[in-house]
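Asks: There's a structure below that I have some questions on.
The values are calculated or read from the model by the stated rules, or taken from the named source; none is laboratory data. All values derive from a computational prediction rather than experimental measurement. Note that each Cβ is placed from the backbone with ideal geometry, even for glycine, and that neighbours are counted across all protein chains shown. For the accessible areas, the whole protein counts, side chains as well, though only heavy atoms, and no ligand, DNA or RNA atoms are used. Shrake-Rupley method; radii C 1.70, N 1.55, O 1.52, S 1.80 Å.
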Amino acid sequence: MTGGRDVAVTARVGVALGIAVAVCFVTGLLSHAIAHPQPWFGWPTAPVWLYRFTQGSHVASGIAAIPLVVVKLWSVWPKLFERRRGRGGAGVLVRLLERGSILVLVAAILFELSTGLLNIAQWYVFGFYFPPVHYAMAYVAAGAVLVHLAVKLPVIRQALGEPVDASSPTGPSRRTVLRATWLAVAVATVATVGQTVPLLRRVSVLAPRSGQGPQGVPVNRTARAAGVVTAAPAVDYRLTVVDGSRTRAFTIDELRAMPQTTQHLPIACVEGWSAGAQWSGVVLAELLAAVGADTDSDVRMVSLEPPGPYSRTVLPARHVRDTRTLIALQVNGETLNLDHGYPCRLIAASRPGVLQTKWLSRIEVLR
């Protein structure tokens, strides 16, 4: 290969791609563990922006990996199809295994990046439930990267020792290709990361979420989509708190009459967008105390919407105890918009937005 299309470029772009994939993989595992907690896993309540940072990094690193994959494929494409003569059967087998591993690597990464990009755009054209498939394929992609590194490590080390300032009469130089690659990565990142970093929202022209929405907070799932347009504003609405044999139902006026607390907390979505807001309402621990319940147990949050993947969520005890965890009645000084969870919703620090249950109908203390 000539010019910028050689192993020196491939190795350098591959290192950057490996870092992006590693960040994306680790932060993706964290997101999955938070949404599907195991007994051994504990996610802290502070700092309040932690999930915003990890999930924003997950999406940003995935988007940054897209131009890196494209350049890496461009740099090795001719070599993938060249034939080598004079090699024995063992050499042919090794070559087939090597190319097979590359095929798995490319297919897995392209699958992860393309479906991830469709997910953050909420364009579900694929015929499967995204979270478990994306999670499973992440292991395939990570394993393929490790196998590729093991096979190619000597070549990579040698290629990284070659200078990048070599000129080429038949194509762009290595330096030109690498500069163009880093520029493409920077543009792709800046053009989308504004959905997580408010300071960059004006220049993030491709960000799926701009921060706009009712009361200044974006909405993923509307009240109409959840099927609660009639039930949520009903005059006979009650929030029922259950602790074993003890049960108490609160009207919205009774919730408003309780001491109110305001917290500035970000709401961060698995799609990568996040927005900070002033949330006001009743501290969950105080609401539980009103029915004589303690705060040393997990609680189940039940929504008014029909049963579905996230209509019922479990809030760990460490979040239950945190005084920043609210049953929110207002956002940014206004009564919750119906699409934001009116009459009340959960808002807790450092939690995925999909677990900040809206249109609460029932809180159950788990024993």
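Asks: Shape call for the range 198-254 from the C-alpha gyration tensor, a ≥ b ≥ c root eigenvalues: rounded (a/c under 1.5), prolate (a/b greater than b/c) or oblate?
Replies: Prolate.
Asks: Continuing with this model, one more query. For the range 176-258, which chymotrypsin sites (Phe, Trp or Tyr not before Pro) are in a loop by DSSP, counting at most 15 other Cβ atoms within 10 Å?
Replies: Of the chymotrypsin sites (Phe, Trp or Tyr not before Pro), not one in the loops of the range 176-258 has a Cβ with at most 15 other Cβ atoms within 10 Å.
Asks: Which value in nm describes the separation of the simple spin-label points at Arg202 and Trp182, placed 7 Å from the Cα toward the beta carbon?
Replies: Reported label-point gap for Arg202 and Trp182 is 2.7 nm.
Asks: In percent, how large is the relative contact order of the range 287-342, given Cα pairs closer than 8 Å and 6 or more residues apart?
Replies: With pairs under 8 Å counted, the relative contact order is 26 percent.
Asks: Sorted by accessible area (1.4 Å probe), largest first, how do Glu254, Glu271, Glu364 line up?
Replies: Working: Glu254 80, Glu271 15, Glu364 40 Å².
Sorted by accessible area, descending: Glu254, Glu364, Glu271.
Asks: ³J(HN,Hα) across the range 52-58 via Karplus (A = 6.51, B = -1.76, C = 1.60, θ = phi - 60°), whole Hz, x for Gly/Pro?
Replies: 4, 6, 5, 6, x, 5, 4
Asks: Same structure again: So if I average 1/r over every pair of distinct C-alpha atoms in the range 208-309 and take the inverse, what Kirkwood radius in Å does that give? Let's see the in-between values first.
Replies: Details: mean 1/r = 0.0621 Å⁻¹.
Taking every pair of different Cα atoms in the range 208-309, averaging 1/r and inverting gives 16.1 Å.
Asks: How much length is gained on full extension from Trp74 to Ala249, taking 0.36 nm per residue of separation minus their Cα-Cα distance?
Replies: 56.7 nm
Asks: Please report the carbon-and-sulfur percent of the accessible area for the chain; probe 1.4 Å, protein heavy atoms only, DNA, RNA and ligands left out.
Replies: 63
Asks: Extent of the chain along each principal axis, from alpha carbon coordinates, in Å, largest to smallest?
Replies: Principal extents (largest minus smallest coordinate, Cα): 83, 43, 34 Å.
Asks: Identify which of Val140, Val314, Val151 has the largest mean-square fluctuation in a Gaussian network model of the chain, with springs joining Cα atoms closer than 10 Å.
Replies: Val151
Asks: Using a/c under 1.5 as the rounded threshold, could you call the range 272-321 rounded, prolate or oblate? The axes a ≥ b ≥ c are square roots of the C-alpha gyration tensor eigenvalues, and prolate needs a/b larger than b/c, oblate otherwise.
Replies: Taking the square roots of the gyration eigenvalues as a ≥ b ≥ c, the range 272-321 is oblate.
Asks: Accessible area per residue, 1.4 Å probe, Å², for the chain: what's the number? Numbers along the way, then the final one.
Replies: Details: 17930 Å² over 367 residues.
For the chain, the solvent-accessible area averages 49 Å² per residue.
Asks: Could I ask something else about it? I want the local charge near Pro39. Using Cβ-Cβ distances under 15 Å, sum +1 for each Lys or Arg and -1 for each Asp or Glu among the other residues.
Replies: 0
Asks: What does the convex hull of the Cα atoms come to per residue for the range 99-169, in Å³?
Replies: With only Cα atoms used, the range 99-169 gives 155 Å³ per residue.
Asks: Using the Karplus equation 6.51 cos²θ - 1.76 cosθ + 1.60 (θ = phi - 60°), what ³J(HN,Hα) coupling, rounded to whole Hz, does each residue of the range 247-255 give in order, writing x for Gly and Pro?
Replies: Result, rounded to whole Hz: 9, 9, 10, 10, 7, 5, 5, 5, 5.
Asks: Helix 89-120 sits at what angle to the longest principal axis of the chain, using alpha carbons and giving 0 to 90 degrees rounded to 10?
Replies: 30
Asks: While we're looking at this one, here's another question. Excluding residues on the same chain fewer than 8 positions from Lys79, give the aspartates and glutamates whose Cα lies under 14 Å from its Cα.
Replies: In chain and number order, the partners are Asp6, Glu98.
Asks: Okay, moving on. If we count every other residue with Cβ under 12 angstrom of Pro266's Cβ, Lys/Arg +1 and Asp/Glu -1, where does the sum land? Display every interim value, and only then the final one.
Replies: Numbers: positive: Arg52, Arg324, Arg351; negative: none.
Overall, the nearby charge balance is +3.
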